[in-house]
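Trainee: This is the structure I have questions about; it appears just below.
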Amino acid sequence: MLLYLRLLKESLSFALNALRNNKLRTFLSLLGVTVGIFSIIAILAAVDSLDRKIKEDMSSIDKNTMYLKRFSFGPSEIPRWKREQFPDVSYDEYQYIKDNVSSIQEAAFQIFTKSETARYEDKAASSVNVVPVSYEFSEIQSLKIEHGRFYNESESNSGTPVAVIGYEIAKTLFGDANPLEKKFRMYGQRFTVIGVLEKQGQGMFGENNDTAIIIPVNFLRNMYGDHNDFMTPIIIIKPKAGEDGEEVKAEVAQKLRNYRGIKAGETDNFIIDILSGFTDMIDQIIGTMNMIGIGISAFSLLVGGFGIANIMFVSVKERTNLIGIQKALGAKNRFILFQFLFEAVILSLFGGLIGILMVWGIAALLSSMIEFKFVLSFGIVCFGTAVAIFIGLVSGILPAIAASKLDPVEAIRSGM
């Protein structure tokens, strides 16, 4: 054990001498490893941060949550021209499903609509994301309300002009004043603020509750009716705990087919998307991005490996006389092999650590500049370090073998 510790110490000493005495040559040789490790770590960290952000944004929603509508969020086997002929889901269908599907815990009716401008005295918030939805929405989405409350069933059903506003809306309209019970104008009506959401920040899919105003869906239905080009309704369904998502989906589909009078053999004229299917698709995309990134970075590592091998062959040549003396004094081939192999690993680690530090610095800088947290996890750092060690082993094995097989007499003569 002490022998290997002495080997590591000598190898570290030789590696540091190489860095000190041949700065430019060593720098150029290590550049490939540095760029390669930087590329791999940067890509893995960026993709991992993206994955974390997506999962964080979706953590408040049950993965079995499903969306019933006439359009699809993602790719669909149904042709687009056919989907465009599907009827919109209706408020009556939402009530029917809620009352007749035993396996669901909650169902909410939501309308996607155009943005609006909200006004309070001389202040205005433009491009407001209006979210007209029934009262169950707060339970399905697990909304975090900082002040006040969400509207209740009675207010939802009657379409009472009350609102739960986002953090940025509250700051824009009311500043530092308490917004609760204050009234602002929108749609030509006065809305009473009954709740303020916690600050969230923009999600990965463009959604941002900070700039949203949530109102009872029946307010909009009472004002405009159910058939308008600027309103697209959906039904959000949350199954009961322990229920199989696909079985709930099949039950909802069968109930709606019966309600709409769709005959056996006819295709559905609606679409049900389950959130878990969407998250599975995201996981596949994240995995593909990681593989592509590692594949591209591998070319840089290949160049880096040749650089390490080159500097080690030069090192063997420069120290041929010293190798001969070591062997003459009794050093075994294994000792010489490990000495150069450790040196190659240490040099490669230098390059790798520089690459990791560069990623850490850039990630910290970007995180402070934009609303996105770049995470350099311990696992990714360990992976980068392991890759650097592996590159050092692979690149240093041939020079180390060449050094260990030198004849001591010839080695000493060549240095004279």
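The values are calculated or read from the model by the stated rules, or taken from the named source; none is laboratory data. Note that the structure is predicted; figures quoted are calculated from it, not measured. Every residue, glycine among them, receives a Cβ derived from its backbone with ideal geometry; neighbour counts consider all protein chains shown. Side chains are part of the model used for accessible areas, which takes the heavy atoms of the whole protein and leaves out ligands, DNA and RNA. Shrake-Rupley method; radii C 1.70, N 1.55, O 1.52, S 1.80 Å.
Trainee: Within segment 359-381, track down each residue that is surrounded by 13 or more Cβ atoms within 10 Å (Cβ to Cβ), hydrophobic (A, V, I, L, M, F, W, C) and not in a helix (DSSP H, G or I). Working first, answer last.
Mentor: Within segment 359-381, the subset surrounded by 13 or more Cβ atoms within 10 Å (Cβ to Cβ) is 359-360, 362-363, 366-367, 372-377, 380-381.
Next cut, hydrophobic (A, V, I, L, M, F, W, C) only: 359-360, 362-363, 366, 372, 374-376, 380-381.
Passing the criteria: PHE372, PHE374, VAL375, LEU376.
Trainee: Looking at segment 50-67 only, could you name the residues that are at pLDDT below 80 and either of a type outside the set (A, V, I, L, M, F, W, C) or closer than 30 Å to PHE306 by Cα (or both)? Working first, answer last.
Mentor: Step one: of segment 50-67, the residues at pLDDT below 80 are 50-64.
Hits for segment 50-67 are ASP51, ARG52, LYS53, LYS55, GLU56, ASP57, SER59, SER60, ASP62, LYS63, ASN64.
Trainee: Can you work out which of the residues in segment 68-77 that are modelled with pLDDT under 70 and open to solvent by less than 70 Å² (accessible area, probe 1.4 Å) is nearest to PHE112 (Cα to Cα)?
Mentor: Across segment 68-77, the extreme among qualifying residues is GLY74.
Yes/no per residue for (1) within 25 Å of the chain's Cα centre (by Cα); (2) of a type outside the set (A, V, I, L, M, F, W, C); (3) at pLDDT 80 or above:
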position	(1), (2), (3)
VAL248	no, no, yes
ALA253	no, no, yes
ARG257	no, yes, yes
THR279	yes, yes, no
ILE286	yes, no, no
ASN290	yes, yes, no
LEU301	no, no, no
VAL316	no, no, no
LEU337	no, no, no
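Trainee: Among the residues of segment 156-166, are any under 30 Å from LYS63 (Cβ atoms), part of a strand (DSSP E or B) and in contact with a Leu (Cβ under 8 Å, 6 or more places away or on another chain)?
Mentor: Initially, segment 156-166 is screened for residues under 30 Å from LYS63 (Cβ atoms), giving 156-157, 163-166.
Of the ones still in play, those that are also part of a strand (DSSP E or B) are 163-165.
Pick out the ones that are also in contact with a Leu (Cβ under 8 Å, 6 or more places away or on another chain) and you get 164-165.
Yes: one or more hits.
Trainee: If you take the residues of segment 245-261 that are over 21 Å from ILE111 (Cα atoms) and free of Cβ contacts under 8 Å to residues at least 24 places away in the same chain, which of them is surrounded by the most Cβ atoms within 10 Å (Cβ to Cβ)?
Mentor: If we take residues in segment 245-261 being over 21 Å from ILE111 (Cα atoms) and free of Cβ contacts under 8 Å to residues at least 24 places away in the same chain, then ARG257 is surrounded by the most Cβ atoms within 10 Å (Cβ to Cβ).
Trainee: From the list ASP99, ASP92, pick out the single residue that is out of contact with any helix residue (DSSP H, G or I) (no Cβ under 9 Å at 6 or more places or on another chain), among the acidic types (Asp, Glu), under 22 Å from TYR67 (Cα atoms) and modelled with pLDDT under 95. Talk me through it step by step, then tell me what you get.
Mentor: Numbers: ASP92 fails: out of contact with any helix residue (DSSP H, G or I) (no Cβ under 9 Å at 6 or more places or on another chain).
Answer to the check: ASP99.
Trainee: Take ILE391 and decide whether it is part of a helix (DSSP H, G or I), open to solvent by less than 70 Å² (accessible area, probe 1.4 Å) and at pLDDT 85 or above.
Mentor: The answer is yes for ILE391.
Trainee: Shifting gears a bit: Only one of these is modelled with pLDDT of 80 or more, touching an Asp or Glu at 6+ places or on another chain (Cβ under 9 Å) and part of a helix (DSSP H, G or I): GLY396, GLY384. Name it.
Mentor: It is GLY396.
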